[in-house]
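Worksheet: the structure to be examined is printed underneath.
The values are calculated or read from the model by the stated rules, or taken from the named source; none is laboratory data. Since this is a predicted model, take the numbers as computed values, not measurements. Positions of Cβ are generated from backbone atoms using ideal geometry, with glycine treated the same way; all protein chains shown enter the neighbour counts. Surface areas here come from the heavy atoms of the whole protein model, side chains and all, with no ligands, DNA or RNA. Shrake-Rupley method; radii C 1.70, N 1.55, O 1.52, S 1.80 Å.
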Amino acid sequence: MYKHITCQEGNRLRLHSFQAISYKAVVHARSARRILRAMSTARIYSRAQLGLHAVLVTIEVRLTAGLAQMHIVGLPKAAVRESRSRVKGAIEHAGYSFPDGFVTVNLAPADLPKEGSRFDLGIAVGLLAASGHLPAHELSRYEFLGELGLTGLVRPVRGVLPAAIALPETRQLVVPMDNLQEAQLCGAKRVHGVRQIMNIRELLLGQVTQTDTSNEHQPSAPLAHQKSADSKKALTLQDVRGQAFAKRALIIAAAGGHHLLMEGPPGTGKTMLAKRLIGLKPSPRRADALESVQIHSVAGSRHVTDLLDEPPFRSPHHTSSAVAIIGGGKPIRPGEISLAHKGVLFLDELPEFSRSVLEALREPLESREVEIARAHGSVRYPAEVQLVAAMNPCPAGRDCQNDHACRCTPGEKARYRNRISGPLMDRIDIYVRVERVPPSELFDQSSMPPAHDDDAVKALISQAARRQRARAGKLNRDLTNKEVLRDCALAADDTRFFTKAAEKLELSARACHKTLKVARTIADLQGADDIAASHLSEALGYRATG
């Protein structure tokens, strides 16, 4: 009577009886089993996100005999463990059979926590290669990023641009089609976009070219660029009536990147002025814009390509927590101060922010970076921002100097202003009082500035910024103490005048240096090589207001 013994790999040994099995046949079956198991292993490359760094992750997939289940190792978080269901649904919907037996997925290095759904596409490609549906020898030339849907759709993920920047010359990057434009911002030509998992086979076999994948995404690109250009052109200084003193302070702040605090009653135009600062600032350099895009890519922001045309402008609500402003959470993500990198962080109603939030801003404003340390890891984000803040003169929001109807007591006013600590106020470069605009000036059409004034102001600011970078390689706000002594030197008479004024105003050493930086910016706006007495007096006027 014949009996059959069937191996997991599909080999069938037909023998006359169990007793007739020879030792040679057993050895041959075991050797065949080992060979087949060795062929059932695939290696795929992907990238994990650690701050702004895209760390290389090797995905190893192995199929062995056993119960039909899938096990993921390598410190996977919840979203990574849940990829088993998404990957199985996507593979089966694409028309492939999900491998039988025990599936082991190893994400190396094993000591690096893996978070998010970015490994879905790599795991699925590894399974298809290990089961023979994809050519495994081609996979060493690619890195894969993308989340999978149950229908095989490849969905966008966060942090694609840092992965494209870290891509070595010997590999190509495969990303979701919705992330293709972002991945190509760094100039990499070895980037491919896919919409469905079934497109992977066509890509590996060379049936889909880079031009084909790029053209599918092009229609949305001009729309994003047009949106950015329209928003920048819509906000001009012409919309703000009056406020000549505040506009002058805004121009100085835009030229030198100085921190600005506006104080005045509600409805005087503080928020309008702050929103128009972005339109006055010079266009960002390519390297600065890419750094901002990287941060927004890690945070999962939409329309990141708009940051190529204008710096970011962030305006968080005063109820925001310290984690929302500085960054943190689990996983660690950048906060508002990092999202405003190379741009403007506008804090309206400054005293209404919690004390812990305001105190947490002190160190990043000086160091221009944020280091978030947690028990499960430490991440560093850049935070080179221009702080613009606005506040009312009292809790009631009235003009206490000119409106005698204000009912706030001196103690209430003092407590309101004391919500902002002295060290934080000391880090502000320019204080400006925003007064009420008389109705006669508000509705006087003859006082409206001509349209070409904004273009002239932008040209003046750009010229001043070029002078600063040609002299020191940076804006005046970023000058070190040694550079202040070198670039902001005063004449003997001006030095004596400034010393007396600093003693009268009780300026700290930091405030003295900031005043000299503002004076240097005023001189640059006028095209002067040296700081004159008039420049110094105007700069001191912005400190005296505070």
- Query: With each label point set 7 Å from Cα along the Cα-Cβ vector, what nm distance links residue 272 and residue 100?
  - Reply: 7.5 nm
- Query: Could you state the per residue volume, in Å³, of the convex hull enclosing the Cα atoms of region 416-546?
  - Reply: 148 Å³
- What full-extension length gain, to one decimal in nm, is calculated for residue 241 and residue 354 as 0.36 nm per residue of separation minus the Cα-Cα distance? 37.4 nm
- Gyration tensor on Cα atoms of region 311-352, a ≥ b ≥ c root eigenvalues, a/c under 1.5 rounded, else prolate if a/b beats b/c, else oblate, says oblate
- Note on the structure: Contour minus Cα-Cα span, residue 330 to residue 487, at 0.36 nm per residue, comes to 52.1 nm
- Just read off the accessible area of residue 514 with the full protein assembly in place, 1.4 Å probe, to the nearest 10 Å². 20 Å²
- Task: Using label points projected 7 Å from each Cα along Cα→Cβ, tell me how many nm separate residue 506 and residue 170, to one decimal.
- Result: 6.6 nm
- Among 268-277, 321-330, the order from most to least packed when residues are scored by Cβ within 10 Å on average: 268-277, 321-330
- Note on the structure: If R0 = 35 Å, then residue 82 and residue 366, at their Cβ-Cβ distance, give a FRET efficiency to the nearest 0.05 of 0.25
- Cα centroids of region 462-525 and region 276-291: how far apart, whole angstrom? 23 Å
- hull vol. (C-alpha, convex hull) per residue for region 242-375, Å³ -> 124 Å³
- Going by average Cβ neighbours within 10 Å, how do the peptides 81-92, 361-372 rank, with the highest at the top? 81-92, 361-372
- Task: Normalising by the residue count of region 258-342, find the relative contact order in percent from Cα pairs under 8 Å and 6+ residues apart.
- Result: 27 percent
- Message: Net charge around residue 337, counting only other residues with Cβ within less than 15 Å of its Cβ (Lys, Arg = +1; Asp, Glu = -1)?
- Response: -1
- Arrange the peptides 423-436, 112-125 so that the one whose residues have, on average, the most other Cβ atoms within 10 Å appears first. 112-125, 423-436
- Message: Set the bar at 30 Å for Cα to Cα. Now go through 482/504; 114/474; 330/458; 77/342; 247/514; 330/413 and name every pair that lies beyond it.
- Response: 114/474; 330/458; 77/342; 330/413
- Message: As an exercise, use a Förster radius of 56 Å and the Cβ-Cβ distance of residue 413 and residue 189 to find the FRET efficiency, rounded to the nearest 0.05.
- Response: 0.35
- Put a dot 7 Å past each Cα toward the Cβ at residue 435 and residue 478; how far apart are the dots in nm? 3.7 nm
- Taking a probe of 1.4 Å, how large is the accessible area per residue of region 357-442, in Å²? 49 Å²
- Message: Need the C-alpha centroid separation for region 329-395 versus region 106-122, integer Å.
- Response: 30 Å
- Want the number for residue 495 to residue 64: 0.36 nm per residue separation, take away the alpha-carbon distance, what's left? 147.0 nm
- Evaluate E = 1/(1 + (r/R0)^6) for residue 92 and residue 287, where r is the Cβ-Cβ distance and R0 equals 30 Å; express this FRET efficiency to the nearest 0.05. 0.10
